[in-house]
Structure formats: structure tokens, C-alpha cells
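The values are calculated or read from the model by the stated rules, or taken from the named source; none is laboratory data. Predicted model only: the values in this text are computed from it and were never measured. Positions of Cβ are generated from backbone atoms using ideal geometry, with glycine treated the same way; all protein chains shown enter the neighbour counts.
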Amino acid sequence: MTPIQIEPYEVYSDKKEIETIKKLGLTSLSVGLFFFLISLTGISNSRPLLFFFLSFGLTIIGALTYFIPQIKEAPAGIKNNNIFFSKITYRGAPAWILGILFTAFYVFLYWFPSYIENWVALVNPLSYWLRGKNADRWFLYGSFYTVAVIVMGIRMMIKYRHNRYQIIRTLSVSFFQLGFSFLIPAFLVRMNKPEFYFNYFWPLKYQYLFPSEISYLTHNSAALGYFMVFWGAVMIVIVTPILTYFFGKRWYCSWVCGCGALAETAGDPFRQNSDKSLKAWKFERWSIHSVLVFIVLTTGLLWLNSAFKGELLGSLSIGFSEVYGFIIGAVFSGVIGVGFYPIFGSRVWCRFGCPMAAILGILQKKFSRFRITTNGDQCISCGNCSTYCEMGIDVRWYAQRGQNIIRSSCVGCGVCAAVCPRGVLKLENLPLAGRYNEIKD
């Protein structure tokens, strides 16, 4: 008797119906992006609320309409089918075009904002509702950023819906981005208080420890300003070492940080593009620690200059701050770090430039209970773990030897463990003793 052939996914839904819904989603997404494009001409200025809903609304609805049906398209499990054959996810011409468009947006945002002022006007209705005033370019950026994290976060949870750890941490970064990086700063502006981001602190938000910033906060916000300064100091001096000791740098990089939020959601389709070469690892260690030294030196010079009332170093310390803000804060973290997600992967800034990641990495490497344990006897050397490590770690090298992974660059995203077909890898918080196990030959 000839066995009956059954399509593996047909038991879950009608594939044609799903494809139809996804096409409708792509259509809505395309129309929304079209309205974004024509809004640059200024046609939206007469009816900003209408064009706000047509652009943001149709784009969001279209993306969700495309992503959500994937729940019924196949059983739960990570689907990276054809990811190395797709030109958008593996450095083809569409990826380069997308990278150039992302980069162009950052260039206009930082240095030529007049070219996107009609986009700024597009979010005036939202800015009036949240902040009680007109939008500026940074509110526009925050709006784009938050929408990307939320929408792509939903995609992330659909893709990893079988994995409780991935769902919880995606909910976490989405919550902190929406609440701590978008809504709370907006409400502070509405109350005529300084715009403050409670999930960022020195050295990532390097200004928060500058004398001028501390003086501004304490003189313009009274008790709230003192609380902001106190919050930032406690987070970097007390909370960061304690949480890193227990959980490694993942508590921040993969659960709280806005940079990590964008990398883990919008950047997930490009994580396989991270450079795993030994040369990249050597450059990484030199680069990220150089940035840390730079900002420590800059902060120290500013405090020294402040102590001597500007008479010791004059404008030199201010020059250090401006150089850092331009090269690191704008070019590195924005233009390169996000602009070229499609080419270099999603964690370029976190891996090569973030001073907060450098501090957390040192603590994780030398003084943390966190590690990824490996069961080398079960490893089949498929390479999935290394392929999808966004930090460029050759995880397979450790797994083959049954060696714990205690790399300072590891952000504990857990994707290496999620994609392993044999359950070789496990994220654990164990006693310090035995962290460095010997390589098994």
C-alpha cells in the first residue's frame, strides 16, 4: 500500500489563506511607507493627524498582518529557512540599499535635520498629546525607534514562541524602551522638567556624569533633579556590579538597554552577519576598551576643569566631550552601529564601541556567576550556535571541547542555546568556583 503523503504544515492551517493575508499585510506596509515618503514633500503639513495615521498606522498594521499569521503557518520552532539565500538577510544588493537608507537617515538626523523637518511635523500630533509641545527631531527618532522595537519585538516573540526565555526578555526590552526611553521622558517634558532616560546611565549616557549636566539637573528640577543624579550614580556604582555578579551583563544588554532592544528585535534578521574571525575579536577588544578609556578620560578632565573653574584646561576638556559626542555618540553608535545592521550584523555598536558593555564585560569576565555551560559529548558540530551569535563568538569551538563560555562580549541573549538541536548549551548562574573548566581533548 502506498503511504499517504501529507504536507507537514497543512494540518495547522490553509497555506493559501495565510499567503493571502501576508500579501495584504505587505500591501498595507507598502502603502504606509509610501505615505511616509510623500510626507517629506510637506504635503502632510496641512493635515498632520491624517497623514500620521496613514503612515504610522498602515505601516504598523501591515507589519503585524504579515507577522502574526506565521503562528499558524508552521509548528513552533525557529525558522531560519533560506536565510543565507535571501539577498536582504545575507548582504545582497537589497541589504546594501537598506543599509544605505538607514545610514542616510542618521546622517540627516544628526547633521542635516532641515531635510527631514516635514517628518518631524508628522509626529506633532503625538508630541502634543504626550509632551504638550511641538515635536523635534529627537522625538521623531524616538517614535521611529520605539515603533521598530515594539513591532519587531512581536515578530521576535512569534519566531521564538516556543522559548520562554526569549519571550520574557523581548517583553522586557520592549517595556523599558516604551516606558523608560519614550513615555517617561515625554511626560517629564510635559511637566517642564529635563528630559531624562532612566534606563541609561554613565558611561553609555556619558553626559549624566558631566559636571555641567549634574548642575543643570539639580538647579532646574530641584528634588527630582537630585533624584536623577542619585539614580544614575547608584545604578552605575552599586546596582551594576551587584546585578552583573549574579546575572552577567545580560541583565542590562539583553533585558534593559535600548540599544540592545533595537539590536534584538529589528536586528534579529541580520544577526548571522556578525564577523566571527579572530581578527575581528582582536579588533573588538582593542576598540571597545579604547572607547571606555576615552570617556573615562573625558569625564575626568571635565571634573578637573570644573574644580579649577575652567582655568586649568580651558576649552580642552569641552573639546574632548565634543569629539567623543561626534565620533562615538553619532558616527559609531548611530551611522555605523545601526545604519549597517544588514551588512555587519545587529551588535556592531555593542560589540566594538559601547563603553557600558566594556565595563559590564570586565565584570562578567572576572567577577560573575553567569556562564554558558556546554555538554561537549552531545555536540554534533552543526555550527548553528556560532552562526547566529550576534556578538561574533565562535560558540561551537567551546561546545566541542565541553568548555564553559565566559566571554566578556557575551550578552546572554540565549539564541545560541535556542538554535542548538541537541540541548548542548545552557545559560546558568552558578558559584564562582569552577567557572573556568579545563578543555577536554
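Kindly establish whether residue 177 is modelled with pLDDT of 95 or more, over 18 Å from residue 129 (Cβ atoms) and touching a helix residue (DSSP H, G or I) at 6+ places or on another chain (Cβ under 8 Å).
Values: modelled with pLDDT of 95 or more: yes; over 18 Å from residue 129 (Cβ atoms): yes; touching a helix residue (DSSP H, G or I) at 6+ places or on another chain (Cβ under 8 Å): yes.
The answer is yes for residue 177.
Being under 26 Å from residue 329 (Cα atoms) and in contact (Cβ under 8 Å) with a residue 12 or more places away in the chain, is that true of even one residue in the stretch 56-67?
Keep residues of the stretch 56-67 that are under 26 Å from residue 329 (Cα atoms), which gives none.
No, the stretch 56-67 contains no residue that is under 26 Å from residue 329 (Cα atoms) and in contact (Cβ under 8 Å) with a residue 12 or more places away in the chain.
Please work out if residue 350 is touching a Lys or Arg at 6+ places or on another chain (Cβ under 9 Å) and closer than 28 Å to residue 90 by Cβ. Outline the logic, then answer.
On the way: touching a Lys or Arg at 6+ places or on another chain (Cβ under 9 Å): no; closer than 28 Å to residue 90 by Cβ: yes.
It is false that residue 350 is touching a Lys or Arg at 6+ places or on another chain (Cβ under 9 Å) and closer than 28 Å to residue 90 by Cβ.
In the stretch 376-411, which residues are outside any helix (DSSP H, G or I), over 17 Å from residue 284 (Cβ atoms) and among the small types (Gly, Ala, Ser)?
Let us first name the residues in the stretch 376-411 that are outside any helix (DSSP H, G or I), namely 379-383, 388-394, 402-411.
Subset that is over 17 Å from residue 284 (Cβ atoms): 379-383, 388, 402-404.
Once the filter is applied, which keeps residues that are outside any helix (DSSP H, G or I), over 17 Å from residue 284 (Cβ atoms) and among the small types (Gly, Ala, Ser), the stretch 376-411 yields 381, 383, 402.
Could you check the stretch 254-265 and list, in sequence order, the residues that are assigned to a loop (DSSP other than H, G, I, E, B) and within 12 Å of residue 170 (Cβ to Cβ)?
Step one: of the stretch 254-265, the residues assigned to a loop (DSSP other than H, G, I, E, B) are 254-257.
Matches in the stretch 254-265: 254, 255.
Is it the case that the stretch 197-205 has a residue that's surrounded by 14 or more Cβ atoms within 10 Å (Cβ to Cβ) and outside any loop (DSSP other than H, G, I, E, B)?
no
With respect to the numbered conditions (1) of a type in the set (A, V, I, L, M); (2) touching a residue at least 60 places away in the same chain (Cβ under 8 Å); (3) surrounded by 18 or more Cβ atoms within 10 Å (Cβ to Cβ), which one is the sole condition not fulfilled by residue 120?
Going through the list (1) of a type in the set (A, V, I, L, M); (2) touching a residue at least 60 places away in the same chain (Cβ under 8 Å); (3) surrounded by 18 or more Cβ atoms within 10 Å (Cβ to Cβ), residue 120 breaks only (2).
Does residue 45 fit the bill of being within 25 Å of the chain's Cα centre (by Cα) and not hydrophobic (A, V, I, L, M, F, W, C)? Break it down into steps so the answer makes sense when it comes.
Numbers: within 25 Å of the chain's Cα centre (by Cα): no; not hydrophobic (A, V, I, L, M, F, W, C): yes.
Taking the combined requirement at face value, the residue does not satisfy it.
Being without any contact (Cβ under 8 Å) to a residue 40 or more places away in the chain, part of a helix (DSSP H, G or I) and touching a helix residue (DSSP H, G or I) at 6+ places or on another chain (Cβ under 8 Å) is true for just one of 157, 152. Which residue is that?
Details: 152 fails: without any contact (Cβ under 8 Å) to a residue 40 or more places away in the chain.
Within the list 157, 152, the selection yields 157.
Quick grid of which residues meet (1) modelled with pLDDT under 95; (2) in a loop (DSSP other than H, G, I, E, B); (3) charged (D, E, K, R); (4) buried (at least 22 other Cβ atoms within 10 Å of the Cβ):
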| position | (1), (2), (3), (4) |
| --- | --- |
| 297 | yes, no, no, no |
| 311 | yes, yes, yes, no |
| 329 | yes, no, no, no |
| 357 | no, no, no, yes |
| 365 | yes, no, yes, no |
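Inspect all residues belonging to the stretch 76-88 and state whether any of them is in contact with a Leu (Cβ under 8 Å, 6 or more places away or on another chain) and at pLDDT 90 or above. Please lay out each step first, then the result.
Within the stretch 76-88, the subset in contact with a Leu (Cβ under 8 Å, 6 or more places away or on another chain) is 88.
The next check asks that each one be at pLDDT 90 or above; those that pass are 88.
Within the stretch 76-88 (the criterion being in contact with a Leu (Cβ under 8 Å, 6 or more places away or on another chain) and at pLDDT 90 or above), the answer is yes, since at least one residue qualifies.
Would you be able to tell me the number of residues in the stretch 418-441 that are crowded, with 18+ Cβ neighbours inside 10 Å and without any contact (Cβ under 8 Å) to a residue 60 or more places away in the chain?
Taking the stretch 418-441 as the starting set, the residues that turn out to be crowded, with 18+ Cβ neighbours inside 10 Å are 418-420, 424-425, 427.
Restricting the remaining residues to those that are without any contact (Cβ under 8 Å) to a residue 60 or more places away in the chain gives 420, 424-425.
Going through the stretch 418-441 one residue at a time, the tally reaches 3.
Looking at (1) loosely packed, with under 13 Cβ neighbours inside 10 Å; (2) over 29 Å from residue 191 (Cα atoms); (3) without any contact (Cβ under 8 Å) to a residue 12 or more places away in the chain, can you tell me which one residue 86 breaks?
Of (1) loosely packed, with under 13 Cβ neighbours inside 10 Å; (2) over 29 Å from residue 191 (Cα atoms); (3) without any contact (Cβ under 8 Å) to a residue 12 or more places away in the chain, only one is false for residue 86: (1).
As an exercise: evaluate residue 259 against (1) out of contact with any Asp or Glu (no Cβ under 8 Å at 6 or more places or on another chain); (2) farther than 24 Å from residue 296 by Cβ and give the number of the one condition it does not meet.
(2)
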